[in-house]
Amino acid sequence: MHSFTEENYLKAIYHLSDGNSKAVSTNQIAEMTSTKAASVTDMLKKLADKKLINYIKYQGVTLNESGIRAAVNIIRKHRLWEVFLVEKLGFKWDEVHDIAEELEHINSEHLINRLDDFLGNPATDPHGDPIPDRSGTIQHKKLVKISEMKQNDSGTISGVSEHSSVFLKLLEKLGLTLGTKITVTELIEFDGSIMLSAQTKELTISREVAKNILVIL
């Protein structure tokens, strides 16, 4: 059993390493967790003592098999709770992240498996992120950023890489939510913004917005 802080660090390292064995620096973890580098170093020593990470000072951190398993389990819980909050309790997709951050630390595997079954074993959360199954397997879909699409390319919005409430509210306002079919009608050379046809309307989005919306072509 791990503390809330330990679980948050494992999840941060997992995300920073893109879920593989890429080494992550102390400064990267400090920035992601809004913590001082000295505090990060202390926590990394604890996680290394618990045999969850490989840590050599000045050489970065990687998760070992136990650490990856623990991180994926936390992510599974977080994403299942997000589905529950949206589908069963009527929360909006921009409201659930912080609540799920608290619920993900509930340690009952039996509860989470029952929740998974109750929800019909969903493959993705309300933001389009894949939900690990009970064995920790993650089914990744081939997604591309709108910013990588070419003129006349079409696809369906299937995920976002920015989860802040302010960004999700913007997408809601623009009508660019999950399942929306879009076509790139023009790439604007001057500032990199992109003109889209989305369902029945035309709109222009900035490059910054476009690089955080993920599409299945």
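The values are calculated or read from the model by the stated rules, or taken from the named source; none is laboratory data. On a predicted model such as this, the values are computed, not experimentally measured, just so you know. Virtual Cβ from ideal backbone geometry, glycine too; neighbours counted across all protein chains shown.
Within the stretch 57-106, track down each residue that is farther than 17 Å from Lys46 by Cα, without any contact (Cβ under 8 Å) to a residue 24 or more places away in the chain and of a type in the set (Asp, Glu).
Asp98, Glu101, Glu102
Select from the stretch 105-126 the residues that are part of a loop (DSSP other than H, G, I, E, B) and either on the phi < 0 side of the Ramachandran plot or acidic (Asp, Glu) (or both) and list them in ascending order.
If the condition is that a residue be part of a loop (DSSP other than H, G, I, E, B) and either on the phi < 0 side of the Ramachandran plot or acidic (Asp, Glu) (or both), then His105, Ile106, Asn107, Ser108, Leu119, Pro122, Ala123, Asp125, Pro126 are the ones that fit.
For the stretch 196-216, what are the residues that are under 21 Å from the mean Cα position of the chain (by Cα) and either β-branched (Val, Ile, Thr) or surrounded by 13 or more Cβ atoms within 10 Å (Cβ to Cβ) (or both)?
Selection gives Arg207, Val209, Ala210, Lys211, Asn212, Ile213, Leu214, Val215, Ile216.
Checking Ile68 against (1) at pLDDT 95 or above; (2) over 25 Å from Leu168 (Cα atoms); (3) among the hydrophobic types (A, V, I, L, M, F, W, C), which single condition isn't satisfied?
(1)
Pick out the one residue from Leu85, Leu47, Leu80 that is in a helix (DSSP H, G or I) and over 21 Å from the mean Cα position of the chain (by Cα).
Every option except Leu47 fails the conditions.
Is there a residue in the stretch 127-145 that is within 27 Å of Glu189 (Cα to Cα) and in contact with a helix residue (DSSP H, G or I) (Cβ under 8 Å, 6 or more places away or on another chain)?
Scanning the stretch 127-145, I find at least one residue that is within 27 Å of Glu189 (Cα to Cα) and in contact with a helix residue (DSSP H, G or I) (Cβ under 8 Å, 6 or more places away or on another chain), so the answer is yes.
Got at least one residue in the stretch 1-23 being at pLDDT 90 or above and more than 23 Å from the chain's Cα centre (by Cα)?
no
Within the stretch 19-26, is even one residue in a helix (DSSP H, G or I), over 12 Å from Leu63 (Cβ atoms), in contact (Cβ under 8 Å) with a residue 12 or more places away in the chain and not assigned by TED's automatic domain parsing to the domain that holds Ser108?
Among the residues of the stretch 19-26, at least one is in a helix (DSSP H, G or I), over 12 Å from Leu63 (Cβ atoms), in contact (Cβ under 8 Å) with a residue 12 or more places away in the chain and not assigned by TED's automatic domain parsing to the domain that holds Ser108, which makes the answer yes.
Answer with yes or no whether Ile74 is assigned to a helix (DSSP H, G or I), within 27 Å of Ala30 (Cβ to Cβ) and among the hydrophobic types (A, V, I, L, M, F, W, C).
So Ile74 fits the description; yes.
Would you please list the contacts, defined by Cβ atoms under 7 Å and residues six or more apart or on different chains, that run from a residue in the stretch 29-54 that is over 19 Å from Ala70 (Cβ atoms) to a residue that is surrounded by fewer than 17 Cβ atoms within 10 Å (Cβ to Cβ)?
So the pair list comes out as Ala30/Lys36; Ala30/Ala37; Ala37/Asn27.
Which of the residues spanning the stretch 135-160 are within 17 Å of Gly19 (Cα to Cα), touching a residue at least 40 places away in the same chain (Cβ under 8 Å) and not aliphatic (A, V, I, L, M)?
Residues satisfying the conditions are Gly136, Lys141, Lys142.
So in the stretch 97-108, with the set limited to residues that are surrounded by 12 or more Cβ atoms within 10 Å (Cβ to Cβ) and farther than 17 Å from Glu6 by Cα, which one is farthest from the chain's Cα centre (by Cα)?
The qualifying residue farthest from the chain's Cα centre (by Cα) is Ile99.
Looking only at the stretch 167-180, count how many residues are of a type in the set (Val, Ile, Thr) and without any contact (Cβ under 8 Å) to a residue 60 or more places away in the chain.
Counting residues in the stretch 167-180 that are of a type in the set (Val, Ile, Thr) and without any contact (Cβ under 8 Å) to a residue 60 or more places away in the chain gives 1.
Looking at (1) more than 21 Å from Asn20 (Cβ to Cβ); (2) outside any loop (DSSP other than H, G, I, E, B); (3) among the hydrophobic types (A, V, I, L, M, F, W, C), find the lone condition where Trp93 falls short.
So the condition that Trp93 fails would be (2).
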